[in-house]
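Peer 1: Here you go, one structure.
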Amino acid sequence: MTDGIVEIPESGDDRRDETPVLEVTDLSVDYGVEKEWIPAAIDLNYNVRSGEVLAIVGESGSGKSASSMALLGLLPENSRTSGSVKLNGREILGLSGSKLREIRGSDVAVIFQEPMTAMNPVYTVGYQIIETIRLHNAISPQEAKERALKMLDLVELPDPEKAFQSYPHQLSGGQRQRAMIAQSLSCDPKLLIADEPTTALDVTVQAEILDLMRNLRNKLDSAIVLITHDMGVVADLSDKMAVMQKGLIVESGTADQIFNNPRHEYTQKLLSAVPHLGQSAEGDEIDVSAALAAAAHAELQGVDQEEMRRREEENQRRLEEAQQETQHDAEKAVLELRDVAIEYPKQGRVPAFRAVEGANLSIYPGEVLGLVGESGSGKTTIGRAAVGLLPVADGSLKVTGEEISHASRKQLFRLRRGVGMVFQDPSSSLNPRLPLGESIGEPMYLAKVAKGPALQKKIENLLDQVQLPRDYRNRFPHELSGGQKQRVGIARALSLEPKLLVADEPTSALDVSVQATVLELLQNLQQELGFAALFVTHDLAVVDLMSHRICVMRRGRIVEQGTRDQILRNPQDPYTQRLLAAVPLPDPEKQQERRELRAQLLASGME
């Protein structure tokens, strides 16, 4: 251990005598800010061989993306680099722009986090892949098209011809990511840099992309540098790890070594902050894998009609119990949905779209209900309807006992005082021109709850509750970190002492350790203030940590709901089972077992 940096010697690797595809030596990156050089990466050393995956992990600002973009000369003009970067023994750091362009795409390819911003929206997917192939190869358009279709087939798109002719916006998120991977691999690169390749994807789509990358790694024998802060993804895919903090690699070694025996304090902190599916805040652990293994075994053995009927009855019983509970305790429920359908209104030639159908759920004082599902399942739609932002087409939706499905604007204004909302992106939910104190105080001022010195006192109390210094009320949003901005968003949501808090993906944009502190804060505030909460997320580990009950949505319908233990220990619906099996575990050995379970569930033909 030198200067706080832990290096673990690689062991058991039969590739260590091979020449690395990528060899980085003493790489440093600095940015020029106000006539001063600020270090972003300091003396980095690592290598990657053919067929090997190196995961570079760390939080925002650690230098992982800056150092990786430096490999390809993709840094802004106010940067400088030093050290050595060798690709198959050839020095590439400092090459001219034209020579670097020859390397990009042909020898080195990049998979970006968001395919919609990486692909050109005005050209078809096929055109863009052909363009990449012909840029680096002297072949005819027809030969390039044949290769493009072969690549789209290689990344397991269900209809390569259709994807070839489609524009990026016509594909789903997972299909776009597959198309971008096809484009990246079209020239047989020796090195693939994957920068947060699954962060923007649903958990089941993420699992598919990880399976795809693993299969491609085995087929093509490419070296892969995986940049991520998701420790479950690292456990699933990587052979080696390099942990970065403040521009330094503080620990490196095999994935097994670092997960099982982290030696640096920062690595230990990073791993301990990761929420584990099946473990509550109280520390009691549920063996999710055992429940899934039983389900997979039953499916592979063949489930008879009687068993199928029993499952359907059990699932229906849960739904009816929830509905009866709502009917019997309607006066107590803070949020109550009975047979609710929600539509997005017609816009021009675009017809009305029914996003939710037949929804029944209730939340009581002091209770947290986790609403989970993939993109398009309708979970955010229910959250928006709960605060009166979307009209209810059918059924009954009550907030604090009052019907809002046909409420007037005046009634909605009054009812919204009892509901707070925490948004996904703290940066876009705060007015950049207002000091934070004004943002927090604005709801109270508009509701005529307080003004003058009384208002300032309430703002100070709210800052105390979310554990921010009182003098932060004079700062502007851009002066705070993401986690601090989300704390301000929580303070604003709680400013009118709501009986219901709707939290829509409140931690998905945050680093893992920041996420842990924000979740802990929300838990403490919920227990202290006793408000009910609707926690909308696609992260099952987070909803498991926060919720008393869990409600699972798919394609606009609630397919299963129950207590946390019921959903995790005895999931009845095949979709819930598949959802749980797709969650990557931050442990290489357990993740391999989970991956095998998921394969068994998929092999059984579960939709």
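Peer 1: Where a Cα-Cα gap under 30 Å defines reach, which lysines qualify for residue 150, not counting those fewer than 8 residues away within the same chain?
Peer 2: In chain and number order, the partners are 99, 162, 190, 219.
Peer 1: May I ask you to derive the relative contact order of segment 479-592, considering only C-alpha pairs under 8 Å and at least 6 residues apart, and to give it as an integer percent? Provide the component values of the computation, followed by the final result.
Peer 2: Details: 88 pairs, mean separation 20.1, N = 114.
Averaging sequence separation for qualifying contacts and normalising by length gives 18 percent for segment 479-592.
Peer 1: With all protein chains present and a 1.4 Å probe, how do 146, 367, 251 order by accessible area, largest first? Write out the running numbers ahead of the final one.
Peer 2: Numbers: 146 105, 367 30, 251 0 Å².
Of 146, 367, 251, the descending order of accessible area is 146, 367, 251.
Peer 1: Per-residue ellipticity at 222 nm for the chain, helices alone: DSSP H runs ≥ 4 residues times -39500 (n - 2.57), over residue total, nearest 500 deg cm²/dmol? Before the final figure, lay out the partial values.
Peer 2: Details: 23 runs with 247 residues, N = 607.
It comes out at -12000 deg cm²/dmol, rounded to the nearest 500.
Peer 1: Going through segment 89-189, which chymotrypsin sites (Phe, Trp or Tyr not before Pro) have at most 14 other Cβ atoms within 10 Å and a DSSP loop state?
Peer 2: Details: sites: 112, 123, 127, 164; in loops: 112, 123.
Here the sparse-neighbourhood loop sites are 123.
Peer 1: May I ask for the net charge around residue 83, where only other residues with Cβ less than 9 Å from the Cβ of residue 83 are counted and Lys, Arg are +1 while Asp, Glu are -1? Intermediate values should be presented prior to the final figure.
Peer 2: Numbers: positive: none; negative: 26, 43.
Taking every Cβ under 9 Å from that of residue 83, the sum is -2.
Peer 1: Excluding ligands and nucleic acids, what accessible area in Å² is computed for residue 248 using a 1.4 Å probe, to the nearest 10?
Peer 2: Counting only protein heavy atoms, residue 248 exposes about 60 Å² to solvent.
Peer 1: What does DSSP give for the chain in terms of the percent of beta bridges that are antiparallel, rounded to the nearest 5? Spell out each step's value before the answer.
Peer 2: Numbers: 49 of 88 bridges.
Beta bridges within the chain, antiparallel portion: roughly 55 percent.
Peer 1: Could you tell me the accessible area of residue 413 in Å² (1.4 Å probe, neighbours in place), rounded to the nearest ten?
Peer 2: Rounded to the nearest 10, the figure is 130 Å².
Peer 1: Further, regarding this structure: Ignoring ligands, DNA and RNA, please state the percent of accessible area on the chain from carbon and sulfur, probe 1.4 Å. Can you show the working numbers first?
Peer 2: Details: 12960 of 27860 Å².
Whole-percent figure for carbon plus sulfur exposure: 47.
Peer 1: Please give the net charge around residue 466, taking every other residue with its beta carbon less than 15 angstrom from that of residue 466, where Lys and Arg add +1 and Asp and Glu add -1.
Peer 2: Working: positive: 458, 470, 473, 475, 485, 487, 492; negative: 460, 464, 471, 497, 520, 528.
Around residue 466, the surrounding residues sum to +1.
Peer 1: A further question follows. What are the membrane-span-like helices in the chain by this rule: whole DSSP H runs, Cα extent along the axis at least 30 Å, mean Kyte-Doolittle hydropathy at least 1.0? Walk me through the numbers before you get to the answer.
Peer 2: Working: long enough: 305-328 (33 Å, -2.83).
Long hydrophobic helices here: none detected.
Peer 1: With a 1.4 Å probe and every protein chain left in place, work out the accessible area per residue of the chain in Å², rounded to a whole number.
Peer 2: On the way: 27860 Å² over 607 residues.
That works out to 46 Å² per residue.
Peer 1: For residue 61, what charge total do you get from the other residues with a beta carbon under 10 Å from its beta carbon, if Lys and Arg give +1 and Asp and Glu give -1? Numbers along the way, then the final one.
Peer 2: Numbers: positive: 64, 246; negative: 59, 511.
Around residue 61, the surrounding residues sum to 0.
Peer 1: If contacts are Cα pairs under 8 angstrom and at least 6 residues apart, what is the relative contact order of the chain in percent? Write out the running numbers ahead of the final one.
Peer 2: On the way: 1180 pairs, mean separation 96.9, N = 607.
Normalised by residue count, the contact order of the chain is 16 percent.
The values are calculated or read from the model by the stated rules, or taken from the named source; none is laboratory data. Every value quoted in this text rests on a predicted model; they were computed, and no experiment measured them. For neighbour counting, all protein chains shown are included, and Cβ atoms are generated from backbone atoms with ideal geometry for every residue, glycine included. Please note that ligands, DNA and RNA were not included when accessible areas were found on the heavy atoms of the full protein model with its side chains. Shrake-Rupley method; radii C 1.70, N 1.55, O 1.52, S 1.80 Å.
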